[in-house]
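Presented below is the structure to which this report refers.
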Amino acid sequence: MDEKQLARYEFDAQIRAEHGIFCGVDEAGRGPLCGPVCCAAVILDPEHPIEGINDSKKLSEKKREALYEEICAHALAYSIVSVGPEIIDRDNILWATMGGMRQAVEGLLVAPAFALIDGNRCPPELAIPAAAQVKGDAVSASIGAASILAKVTRDRYMKQLDAEFPQYQLAKHKGYPTKLHYELIAQYGIQPFYRRSFLKKQGYWHE
């Protein structure tokens, strides 16, 4: 492992020494126009460090896929929750994400004593103490692992949608608001997997 990777595990060791068993929590997909926001919680095994964990956005797709399998195989516990467009439209993206993170923590088969959440706020109504960590996926191996599980889960789903709805080229832009994506929406309209609240200017959402 390089120094940055070792530093992420050392950071986690400090959290573990202070709080006991803890989970890292992160999400993927807050910004896209369609598909779910995916939230993951991971309890890594300190006796089985996994080389290469980093912020998922800084890894190649091939590396993320390989790490996904390794994390699932060797973590003490993990949980992944996908929150769909209907919940995002109902609750807004922030609270849909917070709800997904809480469900991910609650879904762990090993009960953590503490949750370390990527970002600047913690989900309300968590059953355990928690702390927010800005840019946590670059600081904590556990949050980095959660970011990988969330990102790979969402990307796989978008590829499935792309196979069903090739006209939107979802595999290319992963649902993000690119110029091409807006042009395709204008041409083909929207499907149930779109977040209508993200398309107010296009006339698909009315409060």
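Just so you know, all these numbers are worked out from the coordinates, no wet-lab data involved. Because the structure is predicted, anything quoted here is derived from the model rather than measured. Cβ: placed from backbone, ideal geometry, glycine included. Neighbour counts: every protein chain shown.
Entry remark, the range 177-207: residues being buried (at least 16 other Cβ atoms within 10 Å of the Cβ) and more than 17 Å from GLY84 (Cβ to Cβ) number 3 in total.
For the range 127-207, the helices (runs of 4 or more DSSP H) that sit wholly inside it and include 3 or more residues that are closer than 23 Å to GLY99 by Cβ are 141-164.
Cβ-Cβ distances below 9 Å connect the following pairs, each with a first residue in the range 110-123 that is of a type in the set (Phe, Trp, Tyr), a second residue that is in a loop (DSSP other than H, G, I, E, B), and a separation of six or more residues or different chains: PHE114/GLY20; PHE114/ILE21; PHE114/ILE128; PHE114/PRO129.
Conditions (1) within 18 Å of the chain's Cα centre (by Cα); (2) of a type in the set (S, T, N, Q); (3) under 24 Å from PHE11 (Cβ atoms), marked per residue:
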residue	(1), (2), (3)
ARG102	yes, no, yes
GLU106	yes, no, no
CYS122	yes, no, yes
GLU125	no, no, no
ILE128	no, no, yes
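ALA138 meets each of the listed conditions (1) under 15 Å from the mean Cα position of the chain (by Cα); (2) surrounded by fewer than 19 Cβ atoms within 10 Å (Cβ to Cβ); (3) at positive phi apart from (3).
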